[in-house]
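Below is one structure, written out as structure tokens, with a few remarks after it.
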Amino acid sequence: MTTPRVKRAFKYRFYPTDAQAAELSRTFGCVRKVYNLALAARTDAWKSRREHVGYNTTSAMLTVWKKTEELAFLNEVSSVPLQQVLRHLQTAFTHFFAGRARYPRFKAKKKSRKSAEYTASGFRFGEGRLTLAKMTEPLNIVWSRPLPHGVKPSTVTVSQDAAGRWFVSLLCEDPDVQPLPAGGDAVGVDAGLVHLLTLSTGEKITNPRHERRDRKRLAKAQRELSRKAKGDGSNRAKARRKVARIHARITDRRHDTLHKLTTRLVRDNQVVVIEDLTVENMLKNHALARAIADAAWSEFRQMLEYKATWYGREVIVVDRWFPSSKLCSACGTVAEAMALNVRSWTCGCGTTHDRDVNAAKNLLAAGLAVSACGAGVRPQRGSSRSGLSALKQETLRREP
């Protein structure tokens, strides 16, 4: 049985010529226009006639739109990204009807991501040179890392961020991604703010606080932007790009840190147990919202899960109501309400706990209990035939 190859996106920065930048900017505008037209058509059809309009219908509409005088400019760019954005809209509606996402929203010129996707018919690739449709010269790409040997991209996505940087993302099958040898190591991970991660082994990983490091510089740039009149196009645009560059630097550092941590956890452990945190609700706490957003717990979980899938590892997510911090990992007693500023506490059995290390140990035990017998993760409510919770049994099983 052959292992299916993993598809990965390899992202590179490139520097377009003036002609290429103008062509891509026109393409971004046309992609946004077609998306909004198709979304409006589908919405109106449902509101007025209760009619479902799918991809094939919107594709036929696109052909008609191109023949009108008002939308004739759509013929000036490659048709591939225009067809792809209709497929993306169809996917958005599929997720909406399945209850996985909100209703699709219109793309705004100044707020929406500038991007265009090309399938194999919309680009030429060979010998490290990528040429897009409607262009005569290849893109000047900075190949910061090589593509896997002998592979060709199936799709190419070109984008420009708010800081004005251009990127190209090549989706390829990566034969180098293979399941790692199975190991017996398992680790519980407790996420926090003072320490970004605390492991059940007792190791604490310091929170780099990337946003705090650039907070003064960001505040100064935002003040300068606020002083620019909205009608002053060039000066305001420069100030806006300056703010965007600072945000981009913060984001790049954060992603670099998370990638290194998640790769290390997946490579070193067969099982990683984390807590199901409701980050969206936690961000409503205005005193901690900035620090929580900077910690990027949702991104950490997302990276951890897809890398575990790549390398044949297991990520177990423990219920958010599991009292990991208040539960004594030695005797199983649940303490009373515990304030956030309590960083260590002593149980009635005489064991003194570091709050975060104790939580990580409890998460690991709960995850192993779930993996071993499929039990829940609320030990104080459930019981097994022996009268002990699955968590307690697992704790006792691990004792010498």
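The values are calculated or read from the model by the stated rules, or taken from the named source; none is laboratory data. Because the structure is predicted, anything quoted here is derived from the model rather than measured. Virtual Cβ from ideal backbone geometry, glycine too; neighbours counted across all protein chains shown. Remember, those area values only see protein heavy atoms, side chains included, never the ligands or the DNA or RNA. Shrake-Rupley method; radii C 1.70, N 1.55, O 1.52, S 1.80 Å.
Could you please give the count of residues in the stretch 228-237 that are among the basic types (K, R) and surrounded by 10 or more Cβ atoms within 10 Å (Cβ to Cβ)? Of the residues in that region, 2 qualify. Filtering the stretch 1-19 to residues that are part of a loop (DSSP other than H, G, I, E, B), open to solvent by less than 100 Å² (accessible area, probe 1.4 Å) and at pLDDT 95 or above leaves P16, T17. Residue-level analysis places V342 among those that are open to solvent by 40 Å² or more (accessible area, probe 1.4 Å), modelled with pLDDT under 95, hydrophobic (A, V, I, L, M, F, W, C) and in contact with a helix residue (DSSP H, G or I) (Cβ under 8 Å, 6 or more places away or on another chain). What number of residues in the stretch 277-335 are touching a Gly at 6+ places or on another chain (Cβ under 6 Å) and modelled with pLDDT of 95 or more? Count: 0. Restricting the first residue to the stretch 139-152 and requiring it to be within 16 Å of A120 (Cβ to Cβ), which pairs with a second residue that is hydrophobic (A, V, I, L, M, F, W, C) meet a Cβ separation below 9 Å and a spacing of at least six or different chains? Pairs found: L147/F10; L147/L170; L147/C172; V151/C172; K152/A120; K152/F125; K152/L170; K152/C172.
Close Cβ contacts (under 7 Å, 6 or more residues apart or on different chains) running from residues in the stretch 262-289 that are more than 18 Å from G192 (Cβ to Cβ) to residues that are open to solvent by 40 Å² or more (accessible area, probe 1.4 Å) and of a type in the set (D, E) comprise D268/D185; N269/D185; Q270/D185; Q270/E314; V271/E314. A single entry from K326, K307 fulfils the requirement of being basic (K, R) and closer than 17 Å to S200 by Cβ: K326.
Taken over the stretch 183-223, residues that are in a strand (DSSP E or B) and open to solvent by 60 Å² or more (accessible area, probe 1.4 Å) amount to 2. Open to solvent by less than 40 Å² (accessible area, probe 1.4 Å) and either touching a strand residue (DSSP E or B) at 6+ places or on another chain (Cβ under 7 Å) or not in a helix (DSSP H, G or I) (or both): does that describe G350? No: the conditions fail for G350.
Pick from S78, S121: which is in contact with a Gly (Cβ under 6 Å, 6 or more places away or on another chain), farther than 28 Å from K242 by Cβ, in contact (Cβ under 8 Å) with a residue 40 or more places away in the chain and among the polar types (S, T, N, Q)?
Numbers: S121 fails: in contact with a Gly (Cβ under 6 Å, 6 or more places away or on another chain).
Of the residues listed, the single one that is in contact with a Gly (Cβ under 6 Å, 6 or more places away or on another chain), farther than 28 Å from K242 by Cβ, in contact (Cβ under 8 Å) with a residue 40 or more places away in the chain and among the polar types (S, T, N, Q) is S78.
When you check G332 against the structure, is it in contact (Cβ under 8 Å) with a residue 12 or more places away in the chain, farther than 30 Å from R264 by Cβ and open to solvent by 70 Å² or more (accessible area, probe 1.4 Å), yes or no? So G332 fails the test. Would you check which residues across the stretch 108-159 are under 30 Å from A40 (Cβ atoms) and polar (S, T, N, Q) and list them? Listed by number, the residues that qualify are S112, S115, T119, S121, T155, T157, S159.
Which is open to solvent by less than 50 Å² (accessible area, probe 1.4 Å), under 21 Å from the mean Cα position of the chain (by Cα) and among the polar types (S, T, N, Q), of T309, T278?
T278
Where strands (runs of 3 or more DSSP E) fall entirely within the stretch 70-162, those with at least 3 residues that are within 26 Å of the chain's Cα centre (by Cα) are at 114-119, 155-160.
Could you go through the stretch 48-64 and let me know if any residue there is open to solvent by less than 40 Å² (accessible area, probe 1.4 Å), among the aromatic types (F, W, Y) and touching a residue at least 24 places away in the same chain (Cβ under 8 Å). Taking every residue of the stretch 48-64 in turn, none turns out to be open to solvent by less than 40 Å² (accessible area, probe 1.4 Å), among the aromatic types (F, W, Y) and touching a residue at least 24 places away in the same chain (Cβ under 8 Å).
Scanning the stretch 127-152 for residues that are open to solvent by less than 70 Å² (accessible area, probe 1.4 Å) and at positive phi returns a single hit, G128.
Go through the stretch 183-205 and count every residue that is among the polar types (S, T, N, Q) and either touching an Asp or Glu at 6+ places or on another chain (Cβ under 6 Å) or under 14 Å from R253 (Cβ atoms) (or both).
1
Only residues that are under 30 Å from K7 (Cβ atoms), among the hydrophobic types (A, V, I, L, M, F, W, C) and assigned to a loop (DSSP other than H, G, I, E, B) were counted across the stretch 288-337, and they come to 1. Screening T157 on (1) open to solvent by 40 Å² or more (accessible area, probe 1.4 Å); (2) touching a residue at least 40 places away in the same chain (Cβ under 8 Å); (3) polar (S, T, N, Q); (4) within 23 Å of S25 (Cα to Cα) shows it passes everything except condition (1).
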